[in-house]
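The values are calculated or read from the model by the stated rules, or taken from the named source; none is laboratory data. The structure displayed is predicted, hence computed values, not measured ones. Here the Cβ is made from the backbone with ideal geometry for all residues, glycine too, and neighbour counts use every protein chain on show. Side chains included, ligands, DNA and RNA excluded: accessible areas come from the protein's heavy atoms. Shrake-Rupley method; radii C 1.70, N 1.55, O 1.52, S 1.80 Å.
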Amino acid sequence: MRNIEIVASPEALAARAVALTVAAANQAIAARGRFMVALTGGSTPERAYTVLADAHIDWSKTYIFTEDDRDVPIDDPRSNFGLARRTLIDRIDIPAGNVFPMVTTPGNPAASAEAYIDILRRLFPGETVPSFDMIHLGMGDDGHTASLFPGHPSVHVVDRWVVSGPPGTLPPPVDRVTFTLPLLNAARQVLFLVSGDKKAQMVHEILDEQASVDSHPAGGVDPLNGTVTWLLDEGAATKLVTPRG
Ligand code: 6PG
């Protein structure tokens, strides 16, 4: 199922993302005793994660992953896990064993991808494809999401949960490690955080025109048994014609 929510500003987007995340955490912990969440990189979530650090979530029952990362050490300013650590993880009371950086062997992204698959197997025993309670995603103005870039073979991978790949269209030119569409689409909830009018054309092409997944990878995110929410600010929604809500 797909929801589209539009809020007035980037600040409102962060507040709404936090509210949805707190609700997902409470629901998951009540139902299954834990909250499995994968965070995103990029500039849009930074504000949300800073606000999330002050939210009331049982962090001892929360397990934090990232759904893609650059092949750099976690203390590199370009690391998505580093962003999550600075804005959120270092500011909350979460056991060290509950957080899972994706890049464990910088310089060997294929090995980091393999190691992450092993972690997922251990944390989601018996699941054919791990089902995260919530995955946060951003979308680039070229239609990529996570590190699934337009026209790249990783968009079409169906037999692996996590893969490595070459740099996409965005700087810096370092390799990537990323969840694949089958893993994203096994989530209970996916939350896109999309801000700014630079994204408006892509939002229109994906949500109004059902553009192809190969050219618009973000459009391939549509959980089989879950929900995808496109949380947009007014700028990102400028060209949207699909009914909202
Ligand atoms: C990354 C991402 C990427 C990001 C989009 C949108 O590592 O950069 O995970 O998929 O979410 O590029 O980024 P912005 O929110 O900065 O536009």
Per residue accessible area in Å² of the chain, where ligands, DNA and RNA are left out and the probe is 1.4 Å: 41
Reduced Cα scattering model of segment 124-163, Debye log10 I(q)/I(0), q = 0.16, 0.27, 0.29 Å⁻¹: -0.53, -1.04, -1.08
Under the Karplus curve 6.51 cos²θ - 1.76 cosθ + 1.60, θ = phi - 60°, whole-Hz ³J(HN,Hα) for segment 28-41, x wherever Gly or Pro sits: 5, 5, 5, 7, 10, x, 7, 10, 9, 10, 10, 9, 10, x
Candidate aspartates and glutamates - alpha carbon under 13 Å from Lys61, same-chain residues fewer than 8 apart omitted: Asp93, Asp133
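With charges set only on the Cβ (+1 for Lys and Arg, -1 for Asp and Glu), what does the dipole of segment 159-228 come to about its Cα centre, in debye to the nearest 20?
Details: 5 positive and 8 negative charges, 62 e Å.
Magnitude of the dipole: close to 300 debye.
For a distance above 21 Å, tell me the whole-number percent of Cα pairs in segment 60-141 that qualify.
Numbers: 1047 of 3321 pairs.
Taking all Cα-Cα pairs of segment 60-141, the fraction more than 21 Å apart is 32 percent.
Per-residue counts of other Cβ atoms within 10 Å, averaged by peptide: what ranking do you get for 226-236, 21-31, highest first? Kindly include the intermediate steps, with their values, before the conclusion.
On the way: 226-236: 21.8, 21-31: 16.7.
Per-residue mean Cβ counts within 10 Å order the peptides as 226-236, 21-31.
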Distant-in-sequence amide H partners of Gly235 (H built 1.01 Å from N, under 5 Å): Gly196
³J(HN,Hα) computed for each position of segment 105-111 - Karplus, 6.51 cos²θ - 1.76 cosθ + 1.60, integer Hz, glycine/proline x: 10, x, x, 9, x, 5, 5
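Net charge around Gly196, counting only other residues with Cβ within less than 9 Å of its Cβ (Lys, Arg = +1; Asp, Glu = -1)?
Details: positive: Lys198, Lys199; negative: Asp141, Asp197, Asp233.
Combined, the nearby Lys, Arg, Asp and Glu give -1.
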Glu127/Asp159 FRET efficiency (R0 22 Å; Cβ-Cβ; nearest 0.05): 0.90
Mean shadow area of segment 121-233, taken as a quarter of the surface of its Cα convex hull (nm²): 7.1
5 angstrom amide H check on Leu137, placed H, neighbours 5+ away: Leu191, Phe192, Leu193
Separation of alpha-carbon centers, segment 20-43 and segment 89-136, rounded to whole Å: 14
Share of carbon and sulfur in the accessible heavy-atom surface of the chain [1.4 Å probe, %]: 53
Karplus-derived HN-Hα couplings along segment 63-74 (A = 6.51, B = -1.76, C = 1.60, θ = phi - 60°), whole Hz, x at Gly and Pro: 10, 10, 10, 10, 8, 6, 7, 8, 7, 9, x, 5
Dipole of segment 179-245 [Lys/Arg +1, Asp/Glu -1 at C-beta], most positive-end residue of Leu240, Ala200, Leu183: Leu183
DSSP-defined antiparallel bridges as percent of all bridges, the chain, nearest 5: 30
Long-range amide H partners of Phe35 with built H, under 5 Å: Thr62, Tyr63
